[in-house]
Amino acid sequence: MLGFADFGQLAQIIIAKWDHFKDVVPTQHWLKQRMDEMEKARNFIAHNRMLLPSEFQRLYMYIADWNRAIGL
């Protein structure tokens, strides 16, 4: 079923099943904020637009935050 989900729906799915993720993800607000930012970058790339260097840096920062939060 996840194969049919859009990137933008992933945060909603995680929040709907929060009991499974609450020990890994800091807060629902934290999750939503990062996923919204990553979705903006994803939409630029999906519509054949280049990301600015500052957008790459921001995306890298959010991915690093995500990796720290889940222990990678």
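Quick notes on this structure:
- For the stretch 6-37, taking the residues that are assigned to a helix (DSSP H, G or I) and among the β-branched types (Val, Ile, Thr), the one that is nearest to Ile63 (Cα to Cα) is identified as Ile14.
- Check on Glu55, of a type in the set (Asp, Glu) and at pLDDT below 85: yes
- Cβ pairs under 6 Å, 6+ apart, first in the stretch 45-72 and among the hydrophobic types (A, V, I, L, M, F, W, C), second open to solvent by less than 80 Å² (accessible area, probe 1.4 Å) and in a loop (DSSP other than H, G, I, E, B): Ala69/Pro26; Ile70/Val24
- Lone unmet requirement of (1) open to solvent by 80 Å² or more (accessible area, probe 1.4 Å); (2) in contact with a helix residue (DSSP H, G or I) (Cβ under 9 Å, 6 or more places away or on another chain); (3) aromatic (Phe, Trp, Tyr); (4) modelled with pLDDT of 85 or more for Tyr60: (2)
The values are calculated or read from the model by the stated rules, or taken from the named source; none is laboratory data. Predicted model only: the values in this text are computed from it and were never measured. Backbone-built Cβ (ideal geometry, glycine too); neighbour counts: all protein chains shown. Please note that ligands, DNA and RNA were not included when accessible areas were found on the heavy atoms of the full protein model with its side chains. Shrake-Rupley method; radii C 1.70, N 1.55, O 1.52, S 1.80 Å.
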